[in-house]
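A quick write-up on the structure given underneath.
The values are calculated or read from the model by the stated rules, or taken from the named source; none is laboratory data. Since this is a predicted model, take the numbers as computed values, not measurements. Glycine also receives a Cβ, built like all others from the backbone with ideal geometry; neighbour counts cover every protein chain displayed. With ligands, DNA and RNA removed, areas are computed over all heavy atoms of the protein, side chains included. Shrake-Rupley method; radii C 1.70, N 1.55, O 1.52, S 1.80 Å.
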Amino acid sequence: MKVQDIYIDSVGTYVPETVSSARAVADGRYDAAAYEETGLTGVAVSPGLAGPDMAVLAAEQAFARATRTRADVDAVFHVSCFHEGPDAWCAQNYVQLRTVGEAVGHSVPAFEVRQGCNGMFDALELAVCYLRADERRDTALVTIGDNMESPLLDRWRSAPFQLIGDAGASAILSKAGGFARLRSVGTHLVQELESLHRGAEPIFPPPATTRAPLDLGARSADFFRSRTYEEFNRFSLDGLHALTDRLTEEAGVKLQDIARVSYMSASRDFTEQRLMMPLGLPMEKSCWEYAKGVGHLAASDHLAALDHLLGAGELVPGDLMLMIGLASGLSVSGAVVEILATAPWLC
């Protein structure tokens, strides 16, 4: 989707303290060989703090930095990947109540958005459509929050090439202006790889209800019993190129114009071979040096990377950032963001 009229007023993040990979190896929680192979140095862990509460903390920071107020918000889009709380409970309403509820009352809706680790991109796209649909609407709040601590998930071993972290993130979008502009956003479905993260597991009863642990490596092994690595490479890279070609065309830029690229936190080899090399971009333009120390933060990866780069002075006015994510199912999603000015909270 080409976007010309929606800006990022502020971002906020909650990334808890990290546990070092070296410590996890010493404690027997992480494999020494995987530590050496991946180069991943740590993972953010938040004991006892629920995903929706991390989303609220991130939104609090975003509002503290924003020019828009809580009363300006016309809708809340809350993104999650894992279990947010009690079954049959709607976390988005909790987040709305604790972020803008007192200011906007009962009339501002809250929507939950789920597309795995690409949920943020869907939330951005839906927020753009929602704001464009009515000229009276100006501002949308996007929140993300996941705590991955669970007996059903081993953050050190459940996902090949990755460590699974906890985090919250938020962005305030506005028609009125902001320090950055959303230039394009979208998703490309790689339908041929739908079963990659499903494997041979039945979809009913859901494994979470039977207390079956998450093992993405085993599901991947199931997938490759009937498909070849050559097919996987062709379909996944075709999807990456189709999406990036569309995003850059809609944004009116070229890949060579991109200053930085965010991705999910994964091993250096995975990031280089599955993202940067296919795009013809050097690793120095990636966010891997940041991502390797915090882990894969579910749908918060990209806003956390953006916030880090801004604070470190590694994104400046005039820079373009390409965000690219993968999610099970399989989807490739992304966005192009242009930095227009120094973020007000950094001035």
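Figures for the structure shown
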| read-out | value |
| --- | --- |
| Hits in the range 182-197 - residues which are in a helix (DSSP H, G or I), open to solvent by 10 Å² or more (accessible area, probe 1.4 Å) and of a type outside the set (Gly, Ala, Ser) | 191, 192, 194, 196, 197 |
| Among (1) assigned to a helix (DSSP H, G or I); (2) open to solvent by 60 Å² or more (accessible area, probe 1.4 Å); (3) more than 28 Å from residue 194 (Cα to Cα); (4) of a type outside the set (Ser, Thr, Tyr) - the single one residue 316 does not satisfy | (1) |
| Selection from the range 254-306 of residues that are on the phi > 0 side of the Ramachandran plot and either in a strand (DSSP E or B) or open to solvent by less than 20 Å² (accessible area, probe 1.4 Å) (or both) | 295, 298 |
| For residue 52: the one exception among (1) open to solvent by 70 Å² or more (accessible area, probe 1.4 Å); (2) assigned to a helix (DSSP H, G or I); (3) touching a strand residue (DSSP E or B) at 6+ places or on another chain (Cβ under 9 Å) | (1) |
| Qualifying residue in the range 87-103 (condition: of a type in the set (S, T, N, Q), part of a loop (DSSP other than H, G, I, E, B) and free of Cβ contacts under 8 Å to residues at least 24 places away in the same chain) | no |
| Qualifying residue in the range 325-339 (condition: of a type in the set (A, V, I, L, M), assigned to a loop (DSSP other than H, G, I, E, B) and surrounded by fewer than 24 Cβ atoms within 10 Å (Cβ to Cβ)) | yes |
| Unique match (being open to solvent by 40 Å² or more (accessible area, probe 1.4 Å) and either in contact with a Lys or Arg (Cβ under 7 Å, 6 or more places away or on another chain) or in contact (Cβ under 8 Å) with a residue 24 or more places away in the chain (or both)) among 111, 179, 121 | 111 |
| Subset of the range 72-96 [more than 18 Å from the chain's Cα centre (by Cα), farther than 22 Å from residue 128 by Cα and of a type outside the set (Phe, Trp, Tyr)] | 85, 86, 87, 88, 90 |
